[in-house]
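J.: My questions all concern the structure below.
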Amino acid sequence: MQGWPSYDRAPPLSLPLPFLLASPCWLFIAGLCLMSAGPGPLDRFDPAALAAAHLLALGVLGNAMFGAALQILAVVAGVSFSRPRLLLHALFWPLQLGCGLLAAAFLNGFLPVLLLPAAALLGWALLVFAGFGLHGIAKSPARDATTRGMASALAALLVAAGLGIALAGTLGAAWPLPWKTLLDWHALWALGGWLLGLVMAVAATVVPMFQITPAYPARWMRHAAMIWPASLLASGLGWQLTASWLAWLPAWMAALVFAAMTWRLQRRSRRPGDCGRRFWQMAMAALALGLLAAWLVVADLLAAGWAALSGWLLLFGLGAGAVLGMFYKILPFLLWLDLQRKAPPGARPLATLALLPESAQRRCLLVFSACLAMGCALALGGLPGVAAGAGTCALAARVAWDAGRAVWRHRACARNWREAQAAGVMP
């Protein structure tokens, strides 16, 4: 059973907002990195590709997922924030500094003086965030599908962060550890356990609420939080022991079932013209295509360049598609909720569509679609990095402009109320 959100428990706007606003800034920097990618099919170990991938994973998706997860932990799982300002500074600045240092380390040949501080800062931010969330969920009476799924995703984040720290120590401080094995497991739990796991958890609440769809099947809601990490673990162990493409069947089947269910629910939406629905449909299509490409690469049926294509489809297509589908709903809702709290007696806050119009999301969808296609062409060597990077920068500028306009409208409304109260026009 899925609990209904309680917005009385929502944290102050100052906690999730900086994370959401930082996300398009890192997307722009990721686009600049893609511009420096070499010609031909993209190699996943190319310094520019590594930097762009981690800027996407940590700077773009990490910030957006932190901001959304903090809100959902409060309103769905009932997690309390006794010192939100302290939590913000403990998470926000280490995440931003660590992300920048890590990208710089990749672009400068894994320079230890950059790589090790980056690992320390990012390890702190990720481990503190995951630990705080798991501690809050453990104390919460909520046991709905989203809460259980978030607990599973946060546990995966702990694992992925620990493996990332071990990788940094291996590459930057010569720790005697098998870096290739660490890399495989790090990618598995970061992409599968944390990214897709959180998307699965959040979808249980966000898709029916914002897209006005039926709920996910009850059986999936009850067991997804256990089925998904168990299938990831089984596939990872099977691959390490047998190196056979058949080992990935459990994880791929579970992910495809989720994609098919979400696509089916989107088709039954009572808001068929809503742009957020299109973002989710594209994200699920990218998930299915990315898994197919990865499977064919593992089975040695496609060239290695397709591995970069699979990564782009999963990291950008699935990750950015789902995040943008939620961003254009969550940001204006958070701004509206803040205005609702601050509204003087008799005053009405701006509606969410007045803060961030539907037309803005439609324009973003067009730019995102073009950017997704250009990234796929870049991965296969059919487009220069400059073009794909420019498209990514254009998407970042589009999102930043829309978010900035929404925040400006929010502050203008609050300022008008204060001026009216000072003039004695409003109580």
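The values are calculated or read from the model by the stated rules, or taken from the named source; none is laboratory data. These figures come from a predicted structure and were not determined experimentally. As a convention, Cβ positions derive from the backbone with ideal geometry for all residues, glycine included, and neighbour counts pool all protein chains shown. Calculation scope for accessible area: heavy atoms of the full protein, side chains included, ligands and nucleic acids excluded. Shrake-Rupley method; radii C 1.70, N 1.55, O 1.52, S 1.80 Å.
J.: Put a dot 7 Å past each Cα toward the Cβ at LEU366 and ARG405; how far apart are the dots in nm?
T.: Result for the modelled spin labels: 1.3 nm.
J.: Residue by residue through segment 403-412, what is 3J(HN,Hα) from phi via Karplus (6.51 cos²θ - 1.76 cosθ + 1.60, θ = phi - 60°)? Round to whole Hz and write x for glycine and proline.
T.: Karplus values, whole Hz, x for Gly and Pro: 5, x, 5, 5, 5, 4, 5, 4, 6, 5.
J.: What whole number of Å gives the distance from the Cα centroid of segment 354-427 to the Cα centroid of segment 20-62?
T.: Taking the Cα centre of each part, segment 20-62 and segment 354-427 sit 19 Å apart.
J.: Using the Kirkwood radius over C-alpha pairs as Rh, can you work out the diffusion coefficient of the chain via Stokes-Einstein at 25 °C, viscosity 0.890 mPa s, in µm² per second?
T.: Details: Rh = 22.0 Å.
Stokes-Einstein gives a translational diffusion coefficient of 112 µm²/s.
J.: Let me ask something additional. Once you wrap a convex hull around the alpha carbon atoms of segment 71-138, what is its projected area averaged over all directions, in nm²? Numbers along the way, then the final one.
T.: Working: hull surface 19.4 nm².
Projected over every direction and averaged, the Cα hull of segment 71-138 covers 4.8 nm².
J.: So what are the ³J(HN,Hα) numbers for segment 345-356, from phi and the Karplus equation (6.51, -1.76, 1.60; θ = phi - 60°), rounded to whole Hz, Gly and Pro as x?
T.: x, x, 8, 10, x, 4, 5, 4, 6, 6, 6, 9
J.: With r as the distance between the Cβ atoms of ALA174 and MET209 and R0 = 51 Å, compute the FRET efficiency 1/(1 + (r/R0)^6) and round to 0.05. Before the final figure, lay out each step's value.
T.: Numbers: r = 50 Å, r/R0 = 0.97.
The computed FRET efficiency comes out at 0.55.
J.: Under Stokes-Einstein, with the Kirkwood radius over Cα pairs standing in for Rh, what whole-number D in µm²/s applies to segment 113-195 at 37 °C and 0.692 mPa s?
T.: Values: Rh = 13.5 Å.
Approximately 244 µm²/s, per Stokes-Einstein.
J.: Roughly speaking, to the nearest percent, how much of the chain's 1.4 Å accessible area is carbon and sulfur? Before the final figure, lay out the partial values.
T.: On the way: 12470 of 17870 Å².
Looking at the chain in its full context, I get 70 percent from C and S.
J.: Pull up the cross-link candidates among the aspartates and glutamates for LYS139, meaning alpha carbon to alpha carbon under 20 Å and not fewer than 8 places away within one chain.
T.: The reachable aspartates and glutamates, counting only those whose Cα sits under 20 Å from LYS139, are ASP8.
J.: If the cut-off is 24 Å between C-alpha atoms, which lysines fall inside it for LYS342, apart from same-chain ones fewer than 8 positions away?
T.: LYS329
J.: Can you tell me how segment 263-336 classifies by the Cα gyration tensor, rounded, prolate or oblate, using a/c under 1.5 as the rounded cut? Present the calculation step by step, with values, prior to reporting the outcome.
T.: Numbers: a/c = 4.81, a/b = 2.12, b/c = 2.27.
Judged from the Cα gyration tensor, segment 263-336 comes out oblate (a/c at least 1.5, b/c at or above a/b).
J.: Something else now. Taking every pair of alpha-carbon atoms in segment 95-240, give the share separated by more than 27 Å as a whole percent. Please list the in-between numbers first.
T.: On the way: 3328 of 10585 pairs.
In whole percent, the share of Cα-Cα pairs in segment 95-240 beyond 27 Å is 31.
J.: Let me ask something additional. Spin-label point model (7 Å from Cα, Cβ direction): what's the ARG143 to THR242 distance in nm?
T.: Rounded to a tenth, the inter-label distance reads 3.5 nm.
J.: Taking segment 314-410 on its own, what percent of its Cα-Cα pair distances exceed 16 Å? Kindly include the intermediate steps, with their values, before the conclusion.
T.: Values: 2777 of 4656 pairs.
Counting every Cα pair in segment 314-410, those more than 16 Å apart make up 60 percent.
J.: Of CYS99, VAL425, THR262, which is farthest along the charge dipole of the chain in the positive direction, counting Lys and Arg as +1 and Asp and Glu as -1 at C-beta?
T.: VAL425
J.: Each residue of segment 88-101 in order: what ³J(HN,Hα) in whole Hz does its phi give by Karplus 6.51 cos²θ - 1.76 cosθ + 1.60, θ = phi - 60°, with x for Gly and Pro?
T.: Working through the residues one at a time gives 4, 5, 5, 9, 5, 5, x, 5, 5, 5, x, 5, x, 5 Hz.
J.: While we're here: Tell me, in nm to one decimal, what length is gained between HIS135 and GLU358 on full extension, where the rule is 0.36 nm per residue of separation less the Cα-Cα distance?
T.: Details: separation 223, 0.36 × 223 = 80.28 nm, distance 3.73 nm.
Difference between extended and current length: 76.6 nm.
J.: Let me ask something additional. Quick one: if you stick a label point 7 Å off each Cα along the C-beta vector at ALA394 and ALA373, how many nm between them?
T.: 1.1
J.: Round to the nearest 0.05 the FRET efficiency obtained for ALA234 and ALA347 when R0 = 60 Å and r is the Cβ-Cβ distance. Display every interim value, and only then the final one.
T.: On the way: r = 56 Å, r/R0 = 0.93.
Calculated transfer efficiency: 0.60.
J.: In percent, what relative contact order does the chain have, based on Cα pairs under 8 Å that are 6 or more apart in sequence? Write down the numbers at each step before the final one.
T.: Numbers: 647 pairs, mean separation 86.1, N = 427.
Reported as a whole number, the value is 20 percent.
J.: Now for a different question. To the nearest whole percent, what portion of all C-alpha pairs in segment 165-269 is separated by more than 20 angstrom? Present the calculation step by step, with values, prior to reporting the outcome.
T.: Working: 2666 of 5460 pairs.
Result for the distance tail: 49 percent.
J.: Okay, next question. Give me the dipole magnitude in Debye, nearest 20, for segment 288-404 about the Cα centre, with unit charges on the beta carbon: positive for Lys and Arg, negative for Asp and Glu. Walk me through the numbers on the way to the answer.
T.: Working: 7 positive and 4 negative charges, 101 e Å.
Its charge dipole is roughly 480 debye.
J.: To continue, here is another question. Per residue, how much accessible surface does the chain expose to a 1.4 Å probe? Answer in Å², no decimals.
T.: Working: 17870 Å² over 427 residues.
I get 42 Å² per residue for the chain.
J.: If you count, for each residue, the other Cβ atoms within 10 Å and average over each peptide, how do 335-347, 104-116, 387-399 line up from highest to lowest? Write down the numbers at each step before the final one.
T.: On the way: 335-347: 15.4, 104-116: 17.2, 387-399: 22.1.
In descending order of packing, they fall as 387-399, 104-116, 335-347.
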